[in-house]
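In what follows, a single structure is set out as structure tokens and then discussed.
The values are calculated or read from the model by the stated rules, or taken from the named source; none is laboratory data. Remember, it's a predicted structure, so these values are computed and weren't measured experimentally. Cβ atoms come from the backbone with ideal geometry, glycine included; neighbour counts cover every protein chain shown. Please note that ligands, DNA and RNA were not included when accessible areas were found on the heavy atoms of the full protein model with its side chains. Shrake-Rupley method; radii C 1.70, N 1.55, O 1.52, S 1.80 Å.
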Amino acid sequence: MSGAAITPWVVGNWKMNPLRADAKQLVEELKQLLQNQNIEESKCHIGVAPIALALQSVQAQFSDSSRNICVVAQDLSRIAGTGAYTGEISAELLKDSEIDYVLIGHSERREVLGDSPAVINEKVKHALSAGLTVIYCVGESLEQREKGLAEQTVLQQICDIAAVVKAEQWRQIVIAYEPIWAIGTGKTASPEDAQAMHAKLREGLSQITPAGRSMAILYGGSVKPENAVELAACPDINGALVGGASLNAESFYQIAQAFANTK
Ligand code: PGA
């Protein structure tokens, strides 16, 4: 089953980077590249995920851009609404600030920052009911891959959220498959391995929801201009979640261009 007709997404995950002046320059450079040679919106959705503090300033800076850029929150609270929850930002508060997209389930949050499947489910549930689009990340560790548990792990991560996603809400979800061993390591899954996992994910999603056939499934883990064309050529890879290479405007632009040209 192929997802070839799906508009790809290329999203830059800036993580806990960069300093304010560098973020400003990065946005300016990206705007300039897009102004010189635009990438049609119908060919590729482009997004960036800055730190929470910078969401609104980055959104404002892109407001006169030659095309729409989705500004994506890197996380949200597991608690909904407003109230006495020091340090938290809820789905409703993101939406109120016109931030319409959020990353949930990134392996750094799962592994380093203690987001359990139960916490992730709370976050997914609140994000969807507030009307956000969720970029839901799944991926196996090296140990799980070596034990032959890669497929089972990522399919389980999909099944986990199925408990809280209502039938009509699957359209608000984009999946990002990010093998943990490929994140920030310079090691990318081979296009064959990545395609095989994406095809499994599409099959699994299609068993859960009819929307599974048209859901974008992004690949993440050391995506760079040098491997983007090959990854983009895989029928079930519908874009990329880019960490390190998204901090360089030219590299990020080239990755977006690879997906826009290939799909
Ligand atoms: P990377 O990060 O591109 O630096 O490997 C990807 C991610 O964590 O989203």
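Residues in region 127-216 average 43 Å² of solvent-accessible surface per residue, probe 1.4 Å, ligands and nucleic acids excluded. Rounded to the nearest angstrom and listed largest first, the equivalent-ellipsoid semi-axes of the chain from its Cα gyration tensor are 25, 24, 17.
One chain, two ends: Gln32 and Met16. Fully extended at 0.36 nm per residue, the span grows by 3.4 nm beyond their Cα-Cα distance. The charge dipole of region 134-196, taken about the Cα centre with unit charges on the Cβ atoms of Lys, Arg (+1) and Asp, Glu (-1), comes to about 180 debye, rounded to the nearest 20.
Of the accessible area of the chain, computed with a 1.4 Å probe over protein heavy atoms only, carbon and sulfur atoms account for 50 percent. Gain on full extension, evaluated as 0.36 nm per residue between Arg213 and Ser66 minus their Cα-Cα distance, stands at 49.8 nm. Computing Rg and the Kirkwood Rh from the Cα coordinates of region 1-58 gives a ratio, Rg/Rh, of 1.06. Placing a pseudo-label 7 Å from each Cα along the Cα-to-Cβ vector at Asn261 and Asp96 gives an inter-label distance of 4.5 nm.
Determine the sum of side-chain charges near Ser90: Lys and Arg each +1, Asp and Glu each -1, restricted to other residues whose C-beta is under 13 angstrom from that of Ser90. Charge balance near Ser90 sits at -1.
When the chain is treated as a GNM with alpha-carbon contacts under 10 Å, the residue of Met197, Met16, Met215 showing the greatest mean-square fluctuation is Met16. Label-to-label distance for Gln56 and Ser129 is 2.6 nm, based on points extended 7 Å past Cα in the beta-carbon direction. Would you please classify the overall shape of region 69-137 from the alpha carbon gyration tensor, given that a ≥ b ≥ c denote the square roots of the eigenvalues, rounded means a/c under 1.5, and beyond that prolate means a/b larger than b/c while oblate covers the rest? Verdict is oblate for region 69-137. What FRET efficiency, computed as 1/(1 + (r/R0)^6) with R0 = 41 Å and r the Cβ-Cβ distance, is obtained for Glu230 and Ala84, rounded to the nearest 0.05? Rounded to the nearest 0.05, the efficiency is 0.25. P(r) tail, region 193-263: Cα-Cα pairs separated by more than 17 Å, 42% of all pairs. In this Cβ point-charge picture (+1 for Lys and Arg, -1 for Asp and Glu), region 1-93 has a dipole of about 100 debye about its Cα centre.
Taking 0.36 nm per residue of separation and subtracting the current Cα-Cα distance, fully stretching the chain between Ser206 and Gln152 would add 17.8 nm. Across region 116-181, C-alpha contacts under 8 Å between residues 6 or more apart give a mean separation that, scaled by the residue count, equals a relative contact order of 50 percent. Assuming charge only on the beta carbon of Lys and Arg (+1) and of Asp and Glu (-1), the dipole of the chain about its Cα centre is about 260 debye to the nearest 20.
Under 5 Å from the amide H of Gly12 lie the amide H atoms of Gly47, Val48, Ala49, Val242, each residue being 5 or more positions distant or on a separate chain, with H modelled from the backbone and absent for Pro and chain starts.
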